[in-house]
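Notes for the one structure printed next.
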Amino acid sequence: MLLTSIGYSELNKADPDCGTTFAWAARAFGPRTGWAGGWGIIVADVLVMSSLAQVASQYVFFLFGANGIGANATSGWVLLGGIIWIVLMTVICYVGIEVSANFQKVLLTIELVMLVVLSITALVKAGNGSAPAGHLTPSLSWFNPFHISSFSALASGVILMVFIYWGWDTAVAVNEETKNKNRTPGLAAIFSTIILLVTYALVITSMQAFAGVKTHGNGLGNVNNANDVLSVQGKLVFTGGAGTFFYHLLLLMVLSSAAASTQTTILPTARTTLSMAAYRAIPKSFAKVHPRFLTPTVSTVAMGLVSILVYVGLNYSANGAGVIGDAVIAIGLFIAFYYGLTGFTCAWYYRRNLTSSARNLWMQGILPVTGGLILYFLGGWSVWLDYDVATQNDYTMWTVPGIHWQVGGAFVIAAASAILGVIAYIYCRINDPAYFRKETLTRATPTLVPDD
């Protein structure tokens, strides 16, 4: 992720286009590759919205003590709450980038402060022996990937991390609306990956030390808590007179995190489709910008509506919770695809500049390409894990009618999304072929400012 973020930073210096991977890949490799990169962004963002909205809605009920309602992830009440969150975040994204940015500052402050407080408290209790029976002492061996039992287990974990460490590219997607747009968004992407690493490492280490694993003592770290670690462990970490207060702050933190992620998912998708429409890669109506708020109008509203429709469809599918979980797994493939593509695009875009200095060779060539190769390897491996039922990598299994052939639910979702992309590509190419004939976007085309 860090190596790929360097590629984003370097490309943003040359072309601060809100279409990011779409625009850059189209300039470097041609319209088909650029369009595929844009579709990868759209699919990943739409699929994740169901999970984010679901978590945000559940934690509203947890926050107000309605644990019975919140615990049922696919109930009508949770679904309604999730829809309301999507609508609310869509409105915030619609009314302006300043409102969105200030809202993010508040949410991020709550999140980081509470995560640090939770982690330090848990580590202190694990260290002084006041944690529940079965707690563990942190060890450097926890960070040794060669201690994992099999390569497939390691690959599954790393693929999940591709999803967990995803999202920092939002800073680059709003580059045209950022001060010092050629430099600031790229640096923000790099710093974001580092902050994510430190935060996740601290929280994961502290929770594992405090709760142990299912083979130790009390079993607090058992698989029954795998889907909701923070609400379960928070009650045990925060005890005493102030415990209830801090526990509710923790719930508010998770709620704000899910809400913030929902917002920062709508933002880049709307700007990707804005850029695609400005260059006529998709219908031009998506390029409309509000004359007062200066935000994408049709693109933002469309993202919200499509997210709601997908969320409702997944929620009411057979084993809705499992299908939404499979959607999260499937996202890893599309993230690996368009992040990795950005790494390759960086090297090809700057190919004539790579030998001008050692700095350019590493920052514009070797490092981004290495990141792309790692992500493409992980993406290919994830396809195999999701396809092969024997790996049991998915939440659901799908049987092909008429034959006894089962594939993982994540593979089905990823394949269906790719097929839908091919259909959309064919429609756009027939409906308005100018972009596909390289009439609207080439290496020499200046970054466009959409009409109001």
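The values are calculated or read from the model by the stated rules, or taken from the named source; none is laboratory data. None of these values were measured; they are calculated from a predicted model. Positions of Cβ are backbone-derived with ideal geometry, glycine not excepted, and every protein chain shown enters the neighbour counts. Areas reflect the complete protein model, heavy atoms only, side chains present, ligands, DNA and RNA absent. Shrake-Rupley method; radii C 1.70, N 1.55, O 1.52, S 1.80 Å.
Residues checked against (1) modelled with pLDDT of 95 or more; (2) touching a helix residue (DSSP H, G or I) at 6+ places or on another chain (Cβ under 6 Å); (3) open to solvent by 10 Å² or more (accessible area, probe 1.4 Å):
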position	(1), (2), (3)
Pro16	no, yes, yes
Ala26	yes, yes, no
Pro31	yes, yes, yes
Ala36	yes, no, yes
Ile41	yes, yes, no
Ser51	no, yes, yes
Gln54	no, yes, yes
Gln58	no, yes, yes
Phe61	no, yes, yes
Inset, instruction - Count, please, the residues in the range 20-73 that happen to be closer than 24 Å to Asn175 by Cα and of a type in the set (S, T, N, Q). - result: 3
Inset, instruction - Quick one: Ala25 ticks every box in (1) more than 26 Å from Leu249 (Cβ to Cβ); (2) not in a helix (DSSP H, G or I) except a single one, so which number is it? - result: (2)
Legend entry - Filter result for the condition that a residue is hydroxyl-bearing (Ser, Thr, Tyr) and loosely packed, with under 15 Cβ neighbours inside 10 Å, over Tyr316, Tyr339: Tyr316
Legend entry - Failed item in (1) surrounded by 20 or more Cβ atoms within 10 Å (Cβ to Cβ); (2) at pLDDT 95 or above, with Ile83 passing the rest: (1)
Legend entry - Conditions (1) farther than 23 Å from Leu47 by Cα; (2) in a helix (DSSP H, G or I); (3) at pLDDT 90 or above; (4) over 17 Å from the mean Cα position of the chain (by Cα): number failed by His248: (3)
Inset, instruction - Please identify the pairs in which a residue from the range 193-207 that is of a type in the set (Gly, Ala, Ser) has its Cβ atom under 7 Å from the Cβ atom of a residue that is modelled with pLDDT of 90 or more, counting only partners at least 6 apart or on another chain. - result: Ser206/Ser119; Ser206/Ala122; Ser206/Leu123
Inset, instruction - Pull up the range 133-151, narrow it to residues that are open to solvent by 50 Å² or more (accessible area, probe 1.4 Å) and assigned to a helix (DSSP H, G or I), then point me to the one that is farthest from Leu123 (Cα to Cα). - result: Phe151
Inset, instruction - Kindly indicate which of Ala302, Ala260, Ala242, Ala287 is on the phi < 0 side of the Ramachandran plot, among the small types (Gly, Ala, Ser), touching a residue at least 24 places away in the same chain (Cβ under 8 Å) and surrounded by fewer than 19 Cβ atoms within 10 Å (Cβ to Cβ). - result: Ala302
Legend entry - Index of the failed condition, Asp169 passing every other in (1) closer than 21 Å to Thr199 by Cα; (2) surrounded by fewer than 20 Cβ atoms within 10 Å (Cβ to Cβ); (3) acidic (Asp, Glu): (2)
Inset, instruction - Kindly provide the set of residues from the range 223-244 that are at pLDDT 75 or above and outside any helix (DSSP H, G or I), ordered by number. - result: Phe238, Thr239, Gly240, Gly241, Ala242
Legend entry - Long-range neighbours under 9 Å by Cβ, at least six apart or interchain, first residue open to solvent by 40 Å² or more (accessible area, probe 1.4 Å) within the range 63-77, second of a type in the set (Val, Ile, Thr) and modelled with pLDDT of 90 or more: Ile69/Val78; Asn72/Val78; Thr74/Ile324; Trp77/Ile69
Inset, instruction - Could you please let me know if Ser307 is of a type outside the set (Val, Ile, Thr), more than 28 Å from Cys428 (Cβ to Cβ) and buried (at least 18 other Cβ atoms within 10 Å of the Cβ)? - result: no
Inset, instruction - Could you tell me whether any residue of the range 356-370 is β-branched (Val, Ile, Thr), open to solvent by 80 Å² or more (accessible area, probe 1.4 Å), assigned to a helix (DSSP H, G or I) and at pLDDT 95 or above? - result: no
Inset, instruction - Determine which member of the set Ile413, Ile403, Ile426 is more than 26 Å from Pro16 (Cα to Cα) and at pLDDT 95 or above. - result: Ile426
